[in-house]
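Structure first, then comments.
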Amino acid sequence: MPTEINRRHFLTMLSSLSAGTAVAGSTLWSPILKGEKLKIALVGTGIRGITFWGRRLVEKYSDILEFVGLCDINPGRLEFALKEMQVSCPTYANFEKMVQERKPDLVIVTTKDSNHHEFIIKGLDMGCDVLTEKPMTTDEFKCQEIIDAERRSNKNLIVGFNYRWSPYMTKIKELLMEEKIGKVTSVDFNWYLNTYHGASYFRRWHGLRQAGGTLWVHKATHHFDLLNWWLDSDPEEVFAYGDLEHYGSNGPFRGNNCRDCEHTDKCAFHWDITKNEFLTNLYTKNEHHDGYIRDNCLFREEINIYDKMSAQIKYANNVFVNYSLTTYSPFEGWRIAFNGTDGRLEAWQDIPYVEEQDVSQAELHAQEMNQKAGDIYYKPLITHNLWSDYERIMVGNERGGHGGGDKRLHDKIFVHPEKEDPYERAAGVRDGAMSVLIGVAARNSIESGRPVRIAELTDLQPRAKRI
Ligand SMILES: NC(=O)c1ccc[n+]([C@@H]2O[C@H](COP(=O)([O-])OP(=O)(O)OC[C@H]3O[C@@H](n4cnc5c(N)ncnc54)[C@H](O)[C@@H]3O)[C@@H](O)[C@H]2O)c1
């Protein structure tokens, strides 16, 4: 959206905000109400930080916001971030120093998952609104600390759940809200990561439980948040299985970096990071600062997360969910079926045999990672009511930026914060917690061999209807 339109839009928005419209995170807008730019500091200048929360905000919303500081433990990535984002603000290795000196209104947290809590809590305690990438955190103890920090603060935490904002996901929400299939009673939800995207998690810090909380948390937080939001209820109990059978020490050989491994010619997963200029400049050229290797061997012994996962989730409104996550599928896609008292709703994305399409899996992954890809294509949803024929509903969708969710999330936060959203897509601390806690409960269930109640994990009590 051109910046002049943004400014005009904000002028209209200001009057509704000052008239007292209730908006989650509305303290964020007080600088704009005073005619000043929103001051943003970002911690974690990796790919997500500098592209989606960095360059895109600068490109689209520079007339209403400015970056006043960037923080990372890697000085090379900080240097690269300044160029890539085209900003000239001060850079820091120390987060507290940055907040003290630069006094941001909003802190954006895009570090690795296991230390999100550190910056969320410090940011709130130091008087800033905070926006964190998913997952909010990686275990129940840090989750409680974040809940406590927000309670004692007069600021807000926003969790960047982008998938809720994709038109396809929103259409599912709309149909469920309209009770198109009556009251939902059970759900089958299966997510398939292919051998490009799925494998990528095992190359990086995501392969270590202590860094990403396992894919039950790092990846499935997206899926659990969608379930919580679609079903409009809190999870109550989880029983799960998980194992590591494909990657990690299961591999037939292992090397150091993928780029120059001696097993290159016989490894189907071989990936040469140096062929990608952006990733080379951001990561490979800065390895000497902190030893962060982006193209580790996915068969290394230290990998301690699951690569196949299956759970049953019982919701407080008595909906039962069967969920599974696969990390070495030949294709990348997902399918869901909601069973209701009056029928069934089925939805899916990117299942080649269903769509009868030839899709390059490598190309699919590249498009999904690309914020700029925006071509619209139509995808069906099926509703099938009892004693009736099924109905096919075509939904306009986008390939890039998480199905078009990324840019809509930005617009909600930075362009339309005042606008009532009938689908309630804005997510806060309780949403962040409830999605993480399903993953934590799944992990605990695998270890203990018993079902785990969500109420055991923090002081949040599940409710039949979400608040
Ligand atoms: N919503 C989505 O769809 C989506 C997509 C991609 C990534 N993400 C999330 O974004 C976050 C970042 O992902 P990424 O792929 O850019 O990771 P990354 O590892 O490439 O970048 C993380 C950055 O944080 C820095 N960092 C780590 N610890 C730090 C510390 N203590 N202090 C300061 N800096 C520190 C690292 O040096 C690195 O530059 C993750 O939490 C990830 O889950 C979300």
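The values are calculated or read from the model by the stated rules, or taken from the named source; none is laboratory data. The structure presented is a predicted model; accordingly, all values stated were derived computationally and were not measured. Methodologically, a virtual Cβ is constructed for each residue, glycine included, from the backbone with ideal geometry; neighbour enumeration extends over all protein chains shown. For the accessible areas, the whole protein counts, side chains as well, though only heavy atoms, and no ligand, DNA or RNA atoms are used. Shrake-Rupley method; radii C 1.70, N 1.55, O 1.52, S 1.80 Å.
The string of couplings for the range 270-276 from the Karplus curve (6.51, -1.76, 1.60, θ = phi - 60°) is 3, 9, 9, 4, 6, 7, 9 Hz, one whole number per residue in order, with x for Gly and Pro.
About the Cα centre of the chain, what is the dipole size in debye to 20, counting +1 per Lys and Arg Cβ and -1 per Asp and Glu Cβ, all else neutral?
Values: 57 positive and 66 negative charges, 165 e Å.
I would put it at about 800 debye.
Remark: the range 115-248 carries 29 Å² of accessible area per residue (probe radius 1.4 Å; ligands, DNA and RNA excluded). Taking a straight Cα-Cα cut-off under 16 Å and skipping sequence neighbours fewer than 8 places away in the same chain, the lysines within cross-link reach of Lys60 are Lys37, Lys39, Lys372, Lys407, Lys412.
Placing unit charges on the Cβ atoms of the charged side chains and taking the dipole of the chain about its Cα centre, the candidate lying farthest along the positive direction among Trp387, Gln86, Pro31 is Pro31. Taken one residue at a time, the phi angles of the range 53-60 give Karplus couplings (6.51, -1.76, 1.60, θ = phi - 60°) of 8, x, 4, 5, 5, 5, 5, 9 Hz. Gly and Pro are set to x.
Quick one: dipole size for the range 157-300, taken about the Cα centre, charges +1 on Lys/Arg Cβ and -1 on Asp/Glu Cβ, in debye to the nearest 20.
Details: 16 positive and 19 negative charges, 77 e Å.
Value, rounded to 20: 380 debye.
Using a probe of 1.4 Å, the accessible surface attributed to Leu193 totals some 0 Å² when neighbouring protein chains are kept in position.
Note on exposure: Phe141, Phe299 ranked by accessible area (1.4 Å probe, complete protein assembly) read Phe141, Phe299, with the most exposed listed first.
Can you list the lysines whose alpha carbon is less than 18 Å from that of Lys465, not counting same-chain residues fewer than 8 positions off? Reachable lysines: Lys173, Lys183, Lys314. Of Gly405, Tyr201, Val159, which is farthest on the positive side of the dipole of the chain, counting Cα position, with +1 on Lys and Arg Cβ, -1 on Asp and Glu Cβ, and the Cα centre as origin? Looking along the dipole axis, the top candidate is Val159. Taken as Cα centroids, the range 175-217 and the range 272-301 sit 25 Å apart, rounded to the nearest whole angstrom. Note on the range 279-328: dipole from Cβ charges, positive end direction compared against Ile303, Phe320, Asn281; the farthest Cα belongs to Phe320.
State whether the chain is rounded, prolate or oblate according to the following rule on the C-alpha gyration tensor (a ≥ b ≥ c being the square roots of its eigenvalues): a/c under 1.5 gives rounded; otherwise a/b larger than b/c gives prolate, and the remaining case gives oblate. Don't skip to the end; give the middle numbers.
Values: a/c = 1.39, a/b = 1.06, b/c = 1.32.
In terms of gyration-tensor shape, rounded.
For the range 30-81, run through the GluC sites (Glu not before Pro) and keep only the ones in DSSP coil with at most 16 other Cβ atoms within 10 Å of their Cβ. Working shown, then result.
Details: sites: Glu36, Glu59, Glu66, Glu79; in loops: Glu36.
For GluC sites (Glu not before Pro) across the range 30-81 that sit outside H, G, I, E and B with at most 16 neighbouring Cβ atoms in 10 Å, the list reads Glu36.
In a fully extended conformation the segment linking Glu301 and Thr326 would gain 7.0 nm over its present Cα-Cα distance, using 0.36 nm per residue. Here the simple spin-label model places points 7 Å from the Cα toward Cβ, and for Asn276 and Ile467 these points are separated by 4.3 nm.
Test of understanding: what is the full-extension gain from Glu355 to Glu424, defined as 0.36 nm times their sequence separation minus their Cα-Cα distance? Spell out each step's value before the answer.
Numbers: separation 69, 0.36 × 69 = 24.84 nm, distance 3.07 nm.
Difference between extended and current length: 21.8 nm.
Averaged over residues, the count of other Cβ atoms within 10 Å places the peptides 435-442, 418-425 in the sequence 435-442, 418-425, highest first.
Only protein atoms count toward the accessible area here, which uses a 1.4 Å probe; on the chain, the carbon and sulfur part of that area reaches 49 percent. Model label points for Glu447 and Arg254, set 7 angstrom from Cα along the Cα-to-Cβ axis, are 2.2 nm apart. Sequence-ordered 3J(HN,Hα) estimates for the range 404-415 from the Karplus curve with 6.51, -1.76 and 1.60 and θ = phi - 60° stand at x, x, 4, 6, 5, 4, 4, 4, 4, 6, 10, 10 Hz, glycine and proline given as x.
In this simple spin-label model, placing a label point 7 Å from the Cα along the Cα-to-Cβ direction at both Glu456 and Asp63 gives a separation of 5.5 nm.
Explain nothing, just the number: dipole magnitude of the range 98-215 about its Cα centre with +1 on each Lys and Arg Cβ and -1 on each Asp and Glu Cβ, in debye rounded to the nearest 20. Write down the numbers at each step before the final one.
Numbers: 17 positive and 16 negative charges, 56 e Å.
Its charge dipole is roughly 260 debye.
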